[in-house]
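Here's the structure, in C-alpha cells; my notes come after.
We did not get these values from a lab; they are worked out from the coordinates using the rules stated. Small disclaimer: the values here were computed from a predicted structure and weren't measured. Counting neighbours? That spans all protein chains shown, and the Cβs are built from the backbone with ideal geometry, glycine included.
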Amino acid sequence: MERLASRAVAGFSWVFALEVIPVVLAQAQHLHPLYVVVVAVVLAGSLAWLGVAALLVRTVRSAAIVFCIAYLGALALWQPSMADAASFDGVRPWLWYLLTVSTACAALAMPFAWAAVYTVVAPLVYAIVLSVTAGAGAIDTAVLDGLYAVIFASILLAIMTMLRQAASQVDARQAGALERYEVAVRAHALEAERVQVDAIVHDSVLTTLLSAAHARTPEAMAIAASMAQDALGHLDTSAPLAKLGRSLDAILVSRLRDRIVSAARSFSVPFSIVPRVAVDASIPVSVAEALYSATVQAMVNSAQHAGGMLVRRSLQVEATREGGVLIVIADDGRGFDLALIPPERLGLEVSIRERVALAGGEASIESAPGNGTEVRLLWQPPEAGTGEA
C-alpha cells in the first residue's frame, strides 16, 4: 500500500511540475533571479528524489518532507523576491500549482497529526501571500483557493489514513493466522511423533514383560534384564519430547493481548485500553483461543446493548503472577438484570461462561440496570489454583 501511494504521489507530482514550467518562465522575469534559481533547483531536485525513491522504495518519506519544507520556504520568501510587484496584481504565484503536491507529500510522509497541521498551514500561508501580493481584489480568490486546497488535502489525508489502517489490520490478522497455523502444524507434528514413540515404548515394554515371564535360566533372565534397560531408555527419550510438546503448544499473553486489542479497535465504538503490565506468561493455545472468543463476544455485547458513543468502555488484558491471564471488559452503559436474561439468549451462558469454563477458567459477570456491566475472565494454570493475582 505504501509503495502504491508513494508512486501515485510521485507520478501526479511530476505531472503538476511539468505543467507549471511555462508559468515559471513567464513569471521569472519579474522575480529575483537568485530566488528563481534556488527555488526551482530545490523543488525540482526534491521531486526528482521523490520519483527515484518511489521506484526504489527507499527514502520516500525524507524526499517528501524536504519538498514540504522547501515549499513553505518558497511561499514565505515570495514577496521579498518580487522585483516588479505591479506585475503580480491579480495574478496567482506559480507556487499555487504545487500547493496540492505539497499537501499530498505531507499526507504521504508525515504522521497524521503533523500532516493535519500542514494541511491547514500551507493553504493558509498561500492565501496570505496571494492576498498581499495580488492586491485587494484577489482576497476572494485567495480565500477560495485556500479553502479548496484544505478540502482537497483533507480528503486525501483521510483516504490515506483509512487505507493505512486497513492495511495494518490485514497485516495483524494475517500474522495472527500464520501464528495459529504454525502452532497447529507443530502440535500435529509433535503429536505424530509422540504416537510413534508411544508405540515403540509399548512394543518394547510388552516384549520385555513377555521375555521376563518366560525366563527360567540365568541366560534368559540376563536377556530380559537387558531388554528392560532398553525399555527404560525409550521412556527417558520420550519424556523430553512430552515436555517440548507442552512448551510449543503455547502462546504468550502479550500476543493474545495484541490480538484482542486489534479486535477492539475494529469496533465502531471506542474501547479504552488499560496500559500493558510488565508481567508476561505462556498459556496453552486452546485456552488463548477460548479467551479470545469470549472476550470478543463480551465486546460485541457491550457495543450492541450498553449504549452509543458516549458510553465509556474499557479493556484490560494482563498476565497474572501465577502464570495465568486476567481479562476485564467493562462499561458504564445501561446495564441489565442477570436474572431476567431469557434462556434462549446464548451470548452470556454459552459464548462466554461455558467457553471459558471448558478451557479451565472462570467467567464472572456483574451488571445492574443503569450501573454498567463488567465481565471478568480469569484463567490460572492448574498448579496455581483459581485465586486471582
query: So what are the ³J(HN,Hα) numbers for segment 146-162, from phi and the Karplus equation (6.51, -1.76, 1.60; θ = phi - 60°), rounded to whole Hz, Gly and Pro as x?
result: x, 5, 4, 5, 5, 5, 4, 5, 5, 4, 4, 5, 5, 5, 5, 5, 5
query: Using 7 Å Cα-to-Cβ label points, what is the VAL132/THR59 separation (nm, one decimal)?
result: 3.3 nm
J(HN,Hα) series, segment 44-50, from Karplus relation 6.51 cos²θ - 1.76 cosθ + 1.60, nearest Hz, glycine and proline x: 5, x, 5, 5, 5, 4, 5
- prompt: Going highest first, how would you order 281-287, 292-298 by mean Cβ packing within 10 Å?
  reply: 292-298, 281-287
field: DSSP-assigned coil residues among trypsin sites (Lys or Arg not before Pro) in segment 1-89, each with at most 12 further Cβ atoms within 10 Å
entry: ARG58
query: From the backbone phi of segment 116-133, what are the Karplus-calculated ³J(HN,Hα) couplings (6.51 cos²θ - 1.76 cosθ + 1.60, θ = phi - 60°) in whole Hz, Gly and Pro given as x?
result: 5, 5, 5, 4, 8, 5, 4, x, 5, 4, 4, 4, 5, 4, 5, 5, 7, 8
task: Would you mind putting 10-16, 62-68 in packing order, based on average other-beta-carbon counts within 10 Å, highest first?
output: 62-68, 10-16
